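J.: Once you've had a glance at the structure underneath, I'll fire off some questions.
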Amino acid sequence: MLLKKFIYAAIFCLVMLSSAQADNTIILTSLEWPPYTGANLPGNGESTVTVREAFSAMGYNVIFRFLPWKRAVRSAKAYPLIVGYFPEYFSKSREKEFIYSNSIGCSPLGLLTRKNDPIVWDKLDDLAKYKLGLVSGYINTASFDNWVTKGKMNIDYAQTDKSNIKKLIRARIQGVVIDRNVYNYISTASEDLAKHRKDLVFSGKLLGTNKLYICFSRDSEGIRFARIFNEGLKRIGADHSNDVCK
């Protein structure tokens, strides 16, 4: 097992090294999270287009590596040739490990439920009685994650949003915490989910609307590329730092 991990790490490093030989080329990791990011989306997704154009405005090319979420984050920590990952929500704990860029957009985060078994809630403690699906490794909102950390929520974890939706359809959980745009995209793009859209409903009350960022390595290179990227965002008119997300 250790040998396999070593071989994988060695191959990964060689791929990264060959990809980033040019001085004006950087590497970022991301995940399959349509419509924001994805290897097979037009332009690799809305957020990816913004990131690419901002760096291009500053004379840089970007190579994007799409990985499972936890690996995308770990790779940005472990490999010096990877300068960061995206898209990420803000959290104080994550800020200790990474440098946040200016905002590249907004993400409406809420609850997906079954129409015949809706979740009615006003305050977070109203949700404590429901079994909710989260994606392992995702940040949600500060207040919600605080309740989860304190053990006040009944949580069932999955590796992807799609897996959580399938569990909801099968009534294994009562709600899914998910970005509204992600749900709308994958539930129409996937045949096995599209036929169940009539049975599901997105709660009218959001948990919150989070801003999206790149997380750069917390080192001198990360500081440099964060400054370069932020300037590029301004040049293309895509800096959402002062926007009010709704």
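FYI, it's all coordinate maths here, none of it is from the lab. This one's a predicted model, so the numbers in the text were calculated from it and none came from an experiment. A quick note on method: Cβ atoms are made from the backbone with ideal geometry, for glycine too, and the neighbour counts reach across all protein chains shown.
J.: Using the per-residue mean of other Cβ atoms lying within 10 Å as a proxy for protection, in what order, highest first, do the peptides 233-244, 60-71, 25-36, 165-176 fall?
T.: Details: 233-244: 14.0, 60-71: 17.1, 25-36: 22.1, 165-176: 18.9.
Order by mean packing, descending: 25-36, 165-176, 60-71, 233-244.
J.: Counting only other residues whose beta carbon sits under 10 Å from that of W121, what net charge do I get with K and R as +1, D and E as -1?
T.: Details: positive: K123, K129, K205; negative: D122, D125, D126.
Net local charge, W121 excluded: 0.
J.: Still on this model: Take the Cβ-Cβ distance between R235 and T25 as r, set R0 to 25 Å, and report the resulting FRET efficiency rounded to the nearest 0.05. Can you show the working numbers first?
T.: Details: r = 19 Å, r/R0 = 0.77.
Efficiency, rounded to the nearest 0.05: 0.85.
J.: Additional query: Full extension from L124 to K70: what is 0.36 nm times the residue separation minus their Cα-Cα distance, to one decimal in nm? Walk me through the numbers on the way to the answer.
T.: Numbers: separation 54, 0.36 × 54 = 19.44 nm, distance 2.63 nm.
This chain segment gains 16.8 nm when fully extended.
J.: Computed over the Cα atoms, what is the radius of gyration of the range 71-147 divided by 2.2 N^0.38 Å, N being its residue count?
T.: Details: Rg = 15.8 Å, N = 77, 2.2 N^0.38 = 11.5 Å.
Output field value: 1.38.
J.: Kirkwood Rh, Cα Rg: Rg to Rh for the chain? List each step's numbers first, then the result.
T.: Details: Rg = 18.8 Å, Rh = 19.1 Å.
Expressed as Rg/Rh, it is 0.98.
J.: Only counting other Cβ atoms within 10 Å, I'd like V73, V120 sorted with the fewest neighbours first.
T.: Values: V73 20, V120 9.
If I rank by nearby Cβ atoms, fewest first, I get V120, V73.
J.: Report the extension gain between S163 and R197 in nm, rounded to one decimal, defined as 0.36 nm multiplied by the number of residues separating them, less their alpha carbon distance.
T.: On the way: separation 34, 0.36 × 34 = 12.24 nm, distance 1.49 nm.
Net length gain for the segment: 10.8 nm.
J.: About the Cα centre of the chain, what is the dipole size in debye to 20, counting +1 per Lys and Arg Cβ and -1 per Asp and Glu Cβ, all else neutral?
T.: Numbers: 35 positive and 23 negative charges, 154 e Å.
My answer is approximately 740 debye.
J.: Any chance you could list the semi-axes, whole Å, largest first, of the equivalent ellipsoid that the Cα gyration tensor gives for the range 125-246, using √(5λ)?
T.: Numbers: eigenvalues 199, 72, 40 Å².
Semi-axes from the Cα gyration tensor: 32, 19, 14 Å.
J.: May I ask for the distance between the Cα centers of the range 98-128 and the range 215-246, given as a whole number of Å?
T.: 25
J.: Right, next: Quick check: residue separation of S190 and A171 times 0.36 nm, minus the Cα distance between them. What number comes out in nm? Before the final figure, lay out each step's value.
T.: On the way: separation 19, 0.36 × 19 = 6.84 nm, distance 1.91 nm.
My answer for the length gained is 4.9 nm.
J.: Count charges around K131 for me, please; just the other residues with Cβ under 15 Å from its Cβ, Lys/Arg as +1, Asp/Glu as -1.
T.: On the way: positive: R114, K129, K152, K166, K167, R170, R172; negative: D117, D126, D156.
Net local charge, K131 excluded: +4.
J.: Place a point 7 Å from the Cα of R218 along the Cα-to-Cβ direction; which residues of the range 68-92 have their backbone N under 20 Å from it?
T.: 70-92
J.: Using r as the Cβ-Cβ distance of D156 and S56, and R0 as 45 Å, what FRET efficiency do you calculate, to the nearest 0.05?
T.: Numbers: r = 41 Å, r/R0 = 0.92.
After rounding to 0.05, the efficiency reads 0.65.
J.: While we're here: Once the Cα atoms of helix 2-19 and of the chain are each reduced to a long axis, what angle between those two axes, in degrees from 0 to 90 to the nearest 10, is obtained?
T.: For helix 2-19, the angle is close to 60 degrees.
J.: Kindly provide the helix-only [θ] at 222 nm of the chain, computed as the sum of -39,500 (n - 2.57) over DSSP H runs of four or more divided by all residues, to the nearest 500 deg cm²/dmol? Provide the component values of the computation, followed by the final result.
T.: Numbers: 9 runs with 91 residues, N = 246.
Rounded to the nearest 500, it is -11000 deg cm²/dmol.
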